[in-house]
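Asks: Next up is a structure, given as structure tokens.
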Amino acid sequence: MGIGPIQLIRQATPAQRRTLLAAALGWALDAFDAMLYALVLALLMRDLGMSKTTAGLLGTLTLLASGLGGVLFGFVADRVGRKRALMASILTYSICSFASGLATSIAMLAAARFVLGLGMGGEWNTGAALVAETWPTELRAKAIAIVQSSWAFGFAAAALVAGPVARYFGWRAVFFVGILPALLTLWIQHRVPESEMWVELAQGKGMGDGRGEDRGGDPESSATAKLWVLFRKPYAKPTFALLLFNFFSLFAWWGLFTWIPPYLSLPVGQGGRGFGVVGTTTLLVILNLLGMFPGYASFGWVADRVGRRNAFLIYSLMAALLIPFYAAARTPALLMVMGTMVAFFATGLFSGSGIIGSELFPTSLRARGLGFTYNGARAMSSVAPLVIGTIGEMKGLGAAFCLCAAGYLLAALMATRLPETRGKELT
């Protein structure tokens, strides 16, 4: 369907627009809180005496927790509803961002970032499930792509806030700002409807009144359905294909984008590019608004045109090709151009994870299926900041980034194993 984002939103019902806005804001603010750590990482390394390896380990802990949180909140969302799980995840990462600013040791900071990761992982699959079940088949891919694109706005907002706040008030104040997303839950509570597909399932297909009363039904629609259902036919093969696609691409993404902010801001003698706070903030905002956002948003349109699988192949192969050129760039202009192109393809493909994941699993398994394949992969990829930081310590971050290119190549290979789901009606 040849419509743009504005026409898409105009065609939607008020309820659909509210669910889209709730999921998009939740994801944007997830990015805001998650990326604050990367944006003040150079200051944390200085004040807390952290090496690149230790700094990468803290990033790894957050990603590990996000995988656990995605699976945990997937069960919660399938049990008590998408809306409640979405609110709980937002509250979790907001409160723990504030707690990060209170840390007086590396151990305290690590604990706060770990619990923040639980909420960060839970937001993605609950929001994606809510939108997928609210929007019609012909608009679903585009709607989920719009939700995914909001990550770029959250990342850009974090860059705009972190730079001046850290400069005048220190890195603790940057984390304190992270409590603000909690206010979003008040609006969600009163204005965002629950998924009608989930309500129907809860009331008539095994969940009773939605509070836990079982009424029987088939194993997949029962409230007692377990994660192991994903490992049986017909779900096992696509589940593992999507899990591994997400793992390789997430390893590459977190390895790259956790270290891009310190890579730009650290002195040249420490393996960075020495652009300082203002230069780094400018480059990151451009990278997000001109690279990430159109990359995320365009994927839904490309996936509707050429199919989900082919869109994955295009974006992952282009990311693999461009990353070495970014690592070799030296001037601000070249870093801006190459960084924008890398951000477009390397992040845009993640819109497809929510699209194809929503179409692979039925309503009774959708949130936990999305949680396992995306956030389970995020847990598996949690070693990325540590690995890239360690290699960066020995060989330089530019060389370490080439490993991220290999990750996208492997993701492209796994994309060939995914089924094509374009045009599939949700069940």
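Asks: In debye, nearest 20: dipole of the chain around its Cα centre with unit charges on the Cβ of K, R (+) and D, E (-)?
Replies: Details: 34 positive and 20 negative charges, 79 e Å.
I would put it at about 380 debye.
Asks: Looking at the square roots a ≥ b ≥ c of the eigenvalues of the Cα gyration tensor of region 285-342, which shape do they give, rounded for a/c under 1.5, prolate if a/b is larger than b/c, or oblate?
Replies: Working: a/c = 4.64, a/b = 1.76, b/c = 2.64.
Because a/c hits 1.5 or more and a/b fails to exceed b/c, region 285-342 counts as oblate.
Asks: Still on this model: Identify which of the listed values of Cα Rg over 2.2 N^0.38 Å was calculated from the structure shown: (i) 0.99; (ii) 1.14; (iii) 0.92.
Replies: Read-out taken from this structure: (iii).
Asks: Please give the calculated 222 nm ellipticity per residue for the chain, where each DSSP H segment of at least 4 residues contributes -39500 (n - 2.57) and the sum is spread over every residue; nearest 500 deg cm²/dmol?
Replies: Working: 21 runs with 316 residues, N = 427.
That comes out to -24000 deg cm²/dmol.
Asks: In addition: Enumerate by residue number the GluC sites (Glu not before Pro) in region 388-427 meeting two conditions: DSSP loop (anything except H, G, I, E, B), and at most 13 other Cβ atoms within 10 Å of the site's Cβ.
Replies: Working: sites: 393, 420, 425; in loops: 420, 425.
Those satisfying the criteria are 420, 425.
Asks: Pairs of lysine in the chain with Cα under 24 Å and at least 8 positions apart or on different chains: total?
Replies: Lysine pairs meeting both conditions in the chain amount to 11.
Asks: Between the alpha-carbon centers of region 150-204 and region 332-378, tell me the distance in whole angstrom.
Replies: Taking the Cα centre of region 332-378 as reference, the centre of region 150-204 is 19 Å away.
Readers should treat all values here as calculations from the given coordinates under stated rules, not as data from a laboratory. Note that the structure is a prediction, hence the values are computed from the model and not measured. So basically every Cβ, Gly included, is an ideal-geometry build from the backbone, and we count neighbours across all protein chains shown.
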